[in-house]
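Here the structure comes first, spelled out in structure tokens, and everything after it is commentary.
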Amino acid sequence: MMKRVIRAMARHLAGAARLGACLWLPVMALAAVPDYQIRAVYLFNLPNFVGWPEAAFKGMSSFDYCIVHRGRVEKTLASLIEGEFREGRPVRLRQVAARPDDLRGCRVLYLRGIDLLERRDYLRVGASLPVLTVADDADFVRHGGMMALVRERRRIRMYINLARVRRQGLKMNARLLQLARIIDDVDLE
């Protein structure tokens, strides 16, 4: 039952016309919906507002969300993407290691539940790939990540390292950027 409710919520919020509702859920809704479900809906909908270079999909048979651990966010995301298509390709959820072969083909890399050193390994390996990197803490975007979904008071807020996003060849919808807090770039080195 809960899976159907989350899936219905994600579909309802997916339209570009509902960008604000999708990514800036009302405070009342946040009180009733656990953080992990809200983060999963954000992750599910992000590709609607991010553009990847055409070459990123050359030879790719699927649109891959990549994860490091399987927690509640990842399990909820798995139920949301089941049977979905992006860019005309089936959507998959893959668990990956910080190796170039593992990260190749990832379009969204969700780095949750790992320490700073391990996170740096993933960011270093993914630095030359067109992959949107996302985590749950604001420091992530200050240290090489692209986007963070951070709990602030009673809502989830997006932090975006726009310089890093552009360096990876990705583009973000202007309305998405208006809703986010833009953070200055700080390199890994």
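All of the numbers you see were taken from the coordinates with simple rules; none came from a lab. Since this is a predicted model, take the numbers as computed values, not measurements. Quick reminder, even Gly has a Cβ in these numbers, built from the backbone with ideal geometry, and neighbours come from all protein chains shown.
Some points to look at:
- In this simple spin-label approximation, VAL33 and ASP101 carry label points 7 Å from Cα along the Cα→Cβ vector, and these lie 3.9 nm apart.
- ASP139 paired with ARG175, simple spin-label distance in nm, labels 7 Å along Cα-to-beta-carbon: 3.5
- Quarter of Cα convex hull surface for the stretch 32-173, i.e. mean projection, nm²: 8.1
- Expressed as a whole percent, the proportion of Cα-Cα pairs in the stretch 49-122 lying more than 18 Å apart is 42%.
- Taking Cβ atoms as reference points and 10 Å as the exclusive limit, the residues near VAL73 contribute a net charge of +2, counting Lys and Arg as +1 and Asp and Glu as -1.
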